[in-house]
Amino acid sequence: MENPVGVFDSGVGGLTVLRELAAVLPSERFVYLGDTARVPYGGKSAETVTRYAIEIANHLILHRNIKLLVVACNTASSLALPVLRKIYKIPVVGMVDPCVRRAAALPGKRTIGVIGTLGTVRSGAYEEALRSAVPSANVRSIPCPLLVSLAEEGWTDNAITRAVIAEYLAPFREEPPEALILGCTHYPVLKGSIREYLGTGTVLIDSAEEAARVVDILLSETEARRSGGAGEVEFLVTDDPERFARVGKGFYGQGVSDVHRVAL
């Protein structure tokens, strides 16, 4: 099927998801929309985030004719996913379920940590899903809002970043969890510093990697894969294409060009 896969986030963090999707599905067409005019979503109400998500989904479905929607934002996934799945007929993939499935599949899962934005942690979406999938696990969630700004500054491995990570993750220091869900799409670029602090005994669950696996399976099951050819990516933002291209390079792993501004 030639229709593209739609991917959206509040800003640049979802580019880590797009990067994994493009690696797993190199022949697919993708449309990425970053809602840079209204970023961040982490401190906004559930009603506001859901309204934003519906507006973006409407644009991608009506104007780009997408065949599948990836909500590459943990906050929107935590707060708006049930509504999006109820409204739209196309498959909608979020960040929470793929991570929880990965955690449930681990052999040792007595302790599971979750880090994310204030909105994601406050929603309780990960804890609720983990209680259902792994009822015996002890789950602890910690909001780490400053990590978003550090990631966007490109400060992925310096003394300030390591100090902030140490402050946030101090509750895990004496007894590191067996698994830690990186519940924000910005966090994969900080994976090295997080790993350095926690040590090798903790499995880091990357929502970008897990979501890409789910999309791969869904496209195969529904026979909706693109039949061949080179992959394509269209970048859309709601504000300041130049900043998005500049900051986005660090998340996408390569240059971000031909970014277009759209009105929702």
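So the values come out like this:
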quantity: Semi-axis lengths (Å, descending) of the ellipsoid that matches the C-alpha gyration tensor of the stretch 41-130; calculated: 25, 16, 9
quantity: Cross-link partners of LYS89 among lysines (Cα-Cα below 17 Å; sequence separation of 8 or more within a chain); calculated: LYS67
quantity: Nearby lysines by direct alpha-carbon distance to LYS44 (threshold 17 angstrom, same-chain neighbours under 8 apart not counted); calculated: none
quantity: Amide H contacts of GLU234 (H built 1.01 Å from N, under 5 Å, at least 5 apart or other chain); calculated: PHE30, VAL31, TYR32
quantity: Cα long-axis angle, helix 96-105 against the chain (0 to 90 degrees, to the nearest 10); calculated: 50 degrees
quantity: Most positive-pole-ward Cα, PRO107, ILE160, GLY201, against dipole of the chain from beta carbon charges; calculated: PRO107
quantity: Mean residue ellipticity (222 nm) of the chain, computed from DSSP H runs ≥ 4 via -39,500 (n - 2.57), nearest 500; calculated: -14000 deg cm²/dmol
quantity: Percent of Cα-Cα distances greater than 16 Å, calculated over the stretch 156-264; calculated: 71 percent
quantity: Residue-wise HN-Hα coupling along the stretch 62-75, computed from phi with Karplus coefficients 6.51, -1.76, 1.60 (Hz; x: Gly, Pro); calculated: 7, 9, 10, 6, 6, 9, 7, 10, 10, 8, 7, 8, 5, 5
quantity: Cα-derived Rg to Rh of the stretch 96-208, Kirkwood definition; calculated: 0.94
quantity: Only Lys, Arg (+1) and Asp, Glu (-1) charged, at Cβ; the chain dipole about Cα centre in debye; calculated: 420 debye
quantity: Footprinting exposure proxy for LEU190, LEU84, LEU62 (fewest neighbouring C-beta atoms within 10 Å first); calculated: LEU62, LEU84, LEU190
quantity: Rounded FRET efficiency, nearest 0.05, which uses the C-beta distance separating GLN254 from ALA46 and R0 of 30 Å; calculated: 0.30
quantity: Alpha-carbon centroids, the stretch 61-106 and the stretch 191-264: separation in whole Å; calculated: 14 Å
quantity: Highest-MSF residue in the chain out of ASP35, ASP239, ASP216 [GNM, Cα springs under 10 Å]; calculated: ASP216
quantity: Sequence-distant lysines (8 or more away, or on other chains) whose Cα lies within less than 28 Å of LYS109; calculated: LYS191
quantity: Dipole magnitude (debye, nearest 20) for the stretch 96-208, charges at Cβ of Lys, Arg, Asp, Glu; calculated: 320 debye
quantity: Check: the stretch 133-198 dipole with +1 on Lys, Arg Cβ and -1 on Asp, Glu Cβ, in debye; calculated: 100 debye
quantity: ALA159 paired with ALA263, simple spin-label distance in nm, labels 7 Å along Cα-to-beta-carbon; calculated: 4.9 nm
quantity: For LEU204, distant residues with modelled amide H under 5 Å away; calculated: LEU180
quantity: Listed residues ALA151, ALA137, ALA72, most fluctuating in the chain (Gaussian network, C-alpha, under 10 Å); calculated: ALA137
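Just so you know, all these numbers are worked out from the coordinates, no wet-lab data involved. Bear in mind that the values here come from a model prediction, so they are computed numbers and not experimental data. Here Cβ is always computed from backbone atoms with ideal geometry, including for glycine, and neighbour counts include all displayed protein chains.
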